[in-house]
Amino acid sequence: MVKIAIAGGSGNVAQEVTDALVATRKHEILLLTRKATTELASNNIIPNVTWITTDYDDRDGLFEILQGVDTVLSFIVAHSDPGNAAQKNLIGASVRAKVRRFAPSEWATSSFEHLPWYAGKAEIREYLAELNKDSKVLEYTLFQPGQFTDYLCYPYKTSKHVHPFQTQIDFDARRAIVLEGSENARITLITAKDLANVVAKAVEYEGEWPVVGGIKGDELTIGEIIALGEKVRGGPFTVERLKAEDLKAGAVKSSWLPKIDHPSLSPVEIETMAKEFLSGMLLGISAGVLRVSDEWNRLLPDYMFTGAEEFLTEAWEGKP
Ligand SMILES: NC(=O)c1ccc[n+]([C@@H]2O[C@H](COP(=O)([O-])OP(=O)(O)OC[C@H]3O[C@@H](n4cnc5c(N)ncnc54)[C@H](OP(=O)(O)O)[C@@H]3O)[C@@H](O)[C@H]2O)c1
């Protein structure tokens, strides 16, 4: 049994991972939240799971919370943490409390080209690399799983906690927006459940964590995802193709915009960020940001991932 602290423990992805860790019945889990624990009382009944109201500005308080903790997993959304203040204090307190392993709030892409909203993740990568520059101060891995397959099931929810949002490949409305000429760009997909299971196995993994921790659930080209969509939805998709030069000039000429209603965004942000988000995703995908490596597949060779076709066929079965 190890003691695990989960920062941003009330979030979508954190709760998915917590469920997988709880299912092993092997760990003591501390869920860190800025909220009052009375707001989360119903969750206190899970055995070996404790909510801790946390002030991330209080470095001594963080140090106290992390006493005896083996592994810290951070799910603090970067764009809600100005200057990465909370995550940097968490890293500092982890080092001070002699935490063995740390996972920063990555959980997505291999790189951040064209994705300005992930600038905070990029900065934390540099911060951790600098920390270990001369000798290893803190073991860490950058969990990089690509995109949740679950998002291709929008508006249906296919995991217990991850809130679905619409993407530019919209199976429900049988339509897609792609960057012209990007049909062969590759995307790594993973179900939220598989990501959670792999993280639970990584926590138990005895060897050293790799710095780059790619996890490949499945990998398809944009063209293959659209073809799969047409197969599981039983009809052709309307595909709009946008030009890179238009997007780079700030002109998003699609007839519709995906609604990225992530829980960390306000309704106004969802509206105002829609064009920037679509543009960034299209250019980023074609630059390979959603194609990740397979370090964790190689370290955990017995883990069987759910393929995109199997998952999506089942999820869309019988849907109008
Ligand atoms: N690969 C994918 O397809 C994919 C999809 C979704 C998310 N992700 C990644 O997964 C991670 C978690 O995302 P999520 O969807 O689970 O987000 P979420 O539901 O919004 O949860 C994030 C949590 O971070 C905490 N938080 C926010 N701002 C904070 C701050 N300034 N200081 C301290 N804590 C703060 C909040 O906890 P409290 O308010 O309780 O303190 C919140 O519950 C992110 O890195 C995101 O990029 C990846």
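The values are calculated or read from the model by the stated rules, or taken from the named source; none is laboratory data. Since the structure is predicted, the reported quantities are computational estimates derived from the model, not experimental observations. No Cβ is skipped: glycine too gets one built from the backbone with ideal geometry, and neighbour counts run over all protein chains shown.
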Hey, among ALA129, ALA108, ALA119, which residue is at pLDDT 95 or above, near the ligand (Cβ under 8 Å from one of its atoms) and among the small types (Gly, Ala, Ser)? ALA108
Residues (surrounded by fewer than 20 Cβ atoms within 10 Å (Cβ to Cβ), part of a loop (DSSP other than H, G, I, E, B) and touching a strand residue (DSSP E or B) at 6+ places or on another chain (Cβ under 7 Å)) located in the stretch 183-217: GLU183, ASN184, GLU208, VAL211
Within the stretch 277-312, track down each residue that is within 19 Å of LYS259 (Cβ to Cβ) and either hydrophobic (A, V, I, L, M, F, W, C) or under 19 Å from the mean Cα position of the chain (by Cα) (or both). PHE277, LEU278, GLY280, MET281, LEU282, GLY284, ILE285
Considering residues of the stretch 121-157 that are in contact with a strand residue (DSSP E or B) (Cβ under 9 Å, 6 or more places away or on another chain), in a loop (DSSP other than H, G, I, E, B) and in contact (Cβ under 8 Å) with a residue 40 or more places away in the chain only, the residue surrounded by the fewest Cβ atoms within 10 Å (Cβ to Cβ): LEU138
Could you list all residues from the stretch 279-288 that are hydrophobic (A, V, I, L, M, F, W, C) and in a helix (DSSP H, G or I)? MET281, LEU282, LEU283, ILE285
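Give the residue, chosen from GLU240, GLU230, GLU245, GLU271, that is free of Cβ contacts under 8 Å to residues at least 12 places away in the same chain, in the same structural domain as SER182 (by TED's automatic domain parsing) and either of a type in the set (Lys, Arg) or over 27 Å from SER80 (Cα atoms) (or both).
GLU245
Within the stretch 251-273, can you find the residues that are under 27 Å from the mean Cα position of the chain (by Cα), modelled with pLDDT of 95 or more and more than 16 Å from the ligand (Cβ to nearest atom)?
The answer is VAL252, SER254, TRP256, LEU257.
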Result of the Cβ filter at 6 Å on the stretch 64-80, keeping first residues that are within 13 Å of the ligand (Cβ to nearest atom) and partners that are basic (Lys, Arg), at least 6 apart or interchain, is ALA78/LYS121
Can you tell me how many residues within the stretch 289-320 are farther than 19 Å from ILE222 by Cα and either in a loop (DSSP other than H, G, I, E, B) or of a type in the set (Val, Ile, Thr) (or both)? 11
Return only the number of the condition from (1) charged (D, E, K, R); (2) closer than 25 Å to SER293 by Cα; (3) near the ligand (Cβ under 8 Å from one of its atoms) that LYS35 does not satisfy. (2)
For the stretch 194-207, indicate whether the set of residues that are within 15 Å of the ligand (Cβ to nearest atom) and among the β-branched types (Val, Ile, Thr) is non-empty. yes
